[in-house]
Structure formats: C-alpha cells, structure tokens
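The next block holds one structure in the form of structure tokens; read it before the comments.
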Amino acid sequence: MTILMEMRHICLAYGDRIILESPELWKMYAGECIGIVGINGAGKTSLLRVLAGESKPDQGHIEWYGSTSYMTQWDDRSEPSANGGDHLSGGEWTKAKLASIVEEQADIWLLDEPTSHLDVASIEKLEQQIIKHPGLTIIISHDRMTLNRVCTKIWEIENQRLKQYRVGRPGAYEAYREEKERLFLEQLRAYEQVEEERKRLQQALSDKREHAKSVGKAPKPSRMTSKEIRSAKPHFSRKQGKVDKVAKSIESRIAKLPSLDRPYERPELHFDLNNHEPIHSKIIIEADQVSVMIGDGPCLMPSFSMRIRPGMRLAVTGENGAGKTTFIQLLKRAYEQVRADGSTKCEAAQAAPQGIIAAGLIQYAPKARIGYFDQNLLGLDSNKSALHNVMATSRYPEHVIRTAFARLDLSGDRALLPVSQMSGGERVKVLLVKLFMSECNLLILDEPTNYLDMEACSQLEQLLKQYPGTLIFVSHDRAFCSAVATHRLHVNGETPKLAIWEDAASGSKQKGKADGSAESQASSSEGQPALTEEDKLRFQLDWSQLLSEMSLPRKEEEQQALEERFKKLLAFKKAHGL
C-alpha cells in the first residue's frame, strides 16, 4: 500500500487547554477513507486543518507524500465570484466547491462537513466519488449514512485522545458504534462489579469491627470471681486479636480494589407541558391554494393546500434550489404578519421574501407560538454565555436547562463560555436548546443537523421526539429524517403533497389504514398485526392532544371523561410498547 501521509507525536492546544495529544505514529494510505468523529469542540476541525497544512501543531509534525485539496467547513462568500457564485444557495455553493476539488485530482482529499446543505442526490454522488477516489480521503461529516458507506477507518477524538477503529466498507459507522457500545458496557460492568465488591467488603468490615468490640469484653464481674476474670483476659484478648487481624485483611482487600470511574451516561430530560401552551385547535397551520415562484424564474411550488395538525413532525424535502428554505421562510414571515396585524390569517403575497412571488392564504391557530432555527444562527447574543442566552427566554429552571445542554454534550464550564468562543456545532446546540426551552409550541428548523457531530444528531433525534409541540424541519440527513419525521412535504417543482413519512430506502415506515383512531383500537390491540406507522402516528397525535387537554382545569364531569380516555390510550400504549 502507498503511504500518502504520516502524523507523528501530535499535540494540539487552544491557549492553555490541550485539545488533542497523540504520541503515536499514524500512517495513512492510498485507497483509505478515514472518518473523524467526536463531539463538537473536541478538535476535529483543528486536526483537519493541521493535516491540510493550514495550521501547525503545537508539537509533532506531518509528512505529506502527495498533493492535497482541502474543503473548509464554513462558507466564505466575502468575495463575489465571477460566475455569480455569491448568489448561490448553501447547497449550490457546496457543490461548486466539491466540483473544484474533484477537478484538481489531488492525491489527498480533506473534507470538512462536505454533505452540509446538499440534497440526497448530491450526497449520493459525493459518496460514489469518494469510493472511487484512488487516493486518501479524510472526512468530517455529521451524516452517519455517508460515513457508513464510504469509510474504511474511524478516528474518534475523545478526552483529548485519538483512537482508531478499524472497520470495513460499507457498514463502517455502524461497526464503530457497535464496538463503542460494547466497550461502554464492559466498562460499566467492570465498574459495577468493583463497586458491588467494595460495598460487600465495607459491610463485612463494619460487621467485624462490631464483632471485635463484643469478643474483647470479659463477662460481667457478677458472674465470675476476680481470679477467674484475670485468667480469662488473655483468652478474650486473643479472640479480639484474631478478629482485628481479619478486619485488617478486609481493609487491605478494599485498598487493593481498582479505582474505576463510572462511564458517562447522559441525564434524562423531561419537558414540562406547563411551559408550552397547548394548542387545542385541530389545525395549527392551514395553507389554502398557496403558490411560490421566483420573480423572474421558475415556479417553485404550484398552487397547493395543506393542513398541519398539532403534534405532527413534518420533514420538508427536495433538491438544492427547489425552494425548501424559501417555503419555511414564507411560513415564518406569515406568522410574523398575522401577529403584527392581530389576526390569524394573511395573504401569502404579503409575507413573501424579497424576489419571491407568492399567492394564496396562510392561517395560524390563535395560540401558535413559533420558534425559528436559521442556518445563520440568528437569535444568539455572541457576547453572552450559552446559559444566559437560553435563560433569557425560558421559564425552565437552570438545572433543567443544564440537563438539556448535557444531553447534547455541552455541559459544565462549556455552557458558561461566551457564544463567540464556541465552535460552529456548539453554537447550533445553544440555539436549539434555546428554542426547546422557550415557550414556543411550533418549531420551524432549517437544517438543524448541520455542523452537529453524530452523537449530537442522535441525541437531537430523541429530544425532538420528546418535544411536546409541533415540528416543521428541512434536512438532507436521511437517518435523521427517518428517525424524527411523521410526515413529508416533498418540493420538486410539481404540486407538493403532504404525506405520511415513508422511508423508501428501508421500507421501515409504510402507509397504513386511513380511518379509525388509536383510542378506538385500544380495547382490541392484542392478537392484532403489528401497527403501521400511520397507526403509531395516530396514537401520538391522540396522546399529545389528550395530555394537553388534561393539563388545563376542567369541570368534574369533563375531567372524568378525560381520565377514561387516558385509561384507554394508556392500555393501548402498554399493549403495543409505544
């Protein structure tokens, strides 16, 4: 195999803080694809910059045995391009940079988040280019499916150390996660066994010490003569000495037990329904004959109508430039318009972004409260800490907010840093937590997984599924969409249609029966076929609506009716393991 790069005795630091120390010699070969993973702020981009020769390590050195092409994480559009690239969308800009790298035909590709902003077709094209690349590829990506398909090795940065997982292609990321989970369970088992033995020995030591006190005492004088007492003392002293010797042996065994740290487990986060005003309307957003087109260009979305109900998690999908971000910006601006007017509906034309022509009517439920996640991370005060940013708009107490940060690996002192000192991925986490912990009950998220590490993406999936409100999001992360979405709105230049989410790749989510409710099925769930995804969605909507209704004061007869519904749905939930 041809060596294309070597890394020796590397050390990276940020000020006084050590980011990464790796005294080993690392060799990288032609034909390899190495995926660098780790939590945001672990030093992935810093390492890639060193490997690209853009910066120097604090210790150690790099040897290159071939030409390199380096794709940075953040767009630099300060200089307008000759071909009008300053007007490209995020995805189009990324595709242009990738095309340039492929055209250079360098031996070594160093790619920092190359799948960000790309549509599915472009991601799959990039995957094929990496697989066919005869040289070395080193990639940082939040897209778990991409890493699973293209990588031959995984490098993980954790606790300032670099660890290598030798895996195969395809299936690299899954193999890495399985091995990491196996190691975690081994560490947890070892820790629990040691602590259980420590507890047993400490109890035995306590028992022996109590025993030593009793055996060292001679019987009461009333039962013995003074001569008998004098002759018995050595006997009791010997007995006490034996017990003391056993106690010291136990102490020695306790001292020899290894001192193991408990493997880190993320704390659970529970949303408080009282902090998110429930929406009792059956419809939270209604679009009536809405159309969207570029002023002097194509029609992005021909006239269509849709209704979004409370509890839905809608993924807006489509290729780059199809109009996904334009559409959710229209929804946001329409919300701002109706709130400014003190009404519930407005003409889409009034809310259209500059350069966009829209028609139709958009209506919101009276109690809808929107939180909007923008790719440019607007809404954060960069001079204040992450914790201060969130607490400024949240009813939740500090410890709950810190739990939310910890779920996304942004805990301890990191949450007290000014946002300006955080990495791009950490800033994304701060804004997401700010929205989760706000009083919003409808979140609109534009590419929320961009610049998040894979572990954070997985935790974000769990948080979004627990979130008590409604979600509308744009994402090209296939694994993320499949895990979170209940519905899809696909934008491709034709009339959009709102549909139950169906994972075409795996067939794991399929359309089911369209009538009936979870409540009506609660009494006859046993012995029935497995639930379809629509059955599960129907239950989720019913369950969410019921919990919202139960959180409000009611008349006694209304409360009894709600409790009866709760019992039926709870039985259904338990019967189907939901």
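Please give the contour-minus-distance gain from L417 to D261: 0.36 nm per residue of separation, less the Cα-Cα distance, rounded to one decimal in nm. Let's see the in-between values first.
Numbers: separation 156, 0.36 × 156 = 56.16 nm, distance 2.63 nm.
Using 0.36 nm per residue and subtracting the Cα-Cα distance, I get 53.5 nm.
Rolling a 1.4 Å probe over the protein heavy atoms leaves R307 with an accessible area of roughly 120 Å². Expressed as a whole percent, the accessible area of the range 345-411 that falls on carbon and sulfur atoms is 50 (1.4 Å probe).
Amide H contacts of V491: T317, G318, each under 5 Å away and 5 or more positions distant or on a separate chain (H built 1.01 Å from N in the peptide plane; Pro and chain starts excluded).
Over the range 280-333, with every protein chain in place, what whole percent of the accessible area is carbon and sulfur at 1.4 Å, could you tell me?
46 percent
In this structure the amide hydrogen of T470, modeled in the peptide plane, comes within under 5 Å of the amide hydrogens of G311, L442, L443, none closer than 5 places in sequence on its chain. Accessible surface of H9, taken over heavy atoms with a 1.4 Å probe and every protein chain present, rounds to 110 Å². Amide hydrogen proximity for S55: with H placed 1.01 Å from N in the peptide plane, the residues at 5 or more positions away or on another chain lying under 5 Å are V50.
Suppose all protein chains stay in the model; what accessible area per residue would a 1.4 Å probe give for the range 88-194, in Å²?
On the way: 4800 Å² over 107 residues.
Here the per-residue accessible area is 45 Å².
DSSP beta bridges confined to the range 361-479 are antiparallel in about 10 percent of cases. Across K213, K56, K497, the residue with the most accessible area heads the list, and the full order at a 1.4 Å probe is K56, K497, K213. If only the Cβ of Lys and Arg carry +1 and only the Cβ of Asp and Glu carry -1, the dipole of the range 402-463 around its Cα centre is close to 220 debye.
For the pairs K367/K573; K465/K574; K213/K248; K132/K153, flag any whose C-alpha to C-alpha distance is greater than 20 Å. Among K367/K573; K465/K574; K213/K248; K132/K153, the Cα-Cα distance tops 20 Å for K367/K573.
Per residue, the accessible area of the range 388-503 comes to 29 Å², computed with a 1.4 Å probe over protein heavy atoms only. Taking all protein chains together and rolling a 1.4 Å probe, L188 ends up with roughly 30 Å² accessible.
The values are calculated or read from the model by the stated rules, or taken from the named source; none is laboratory data. Every value quoted in this text rests on a predicted model; they were computed, and no experiment measured them. Cβ sites come from the backbone with ideal geometry, for glycine too, and all protein chains shown count toward neighbours. With ligands, DNA and RNA removed, areas are computed over all heavy atoms of the protein, side chains included. Shrake-Rupley method; radii C 1.70, N 1.55, O 1.52, S 1.80 Å.
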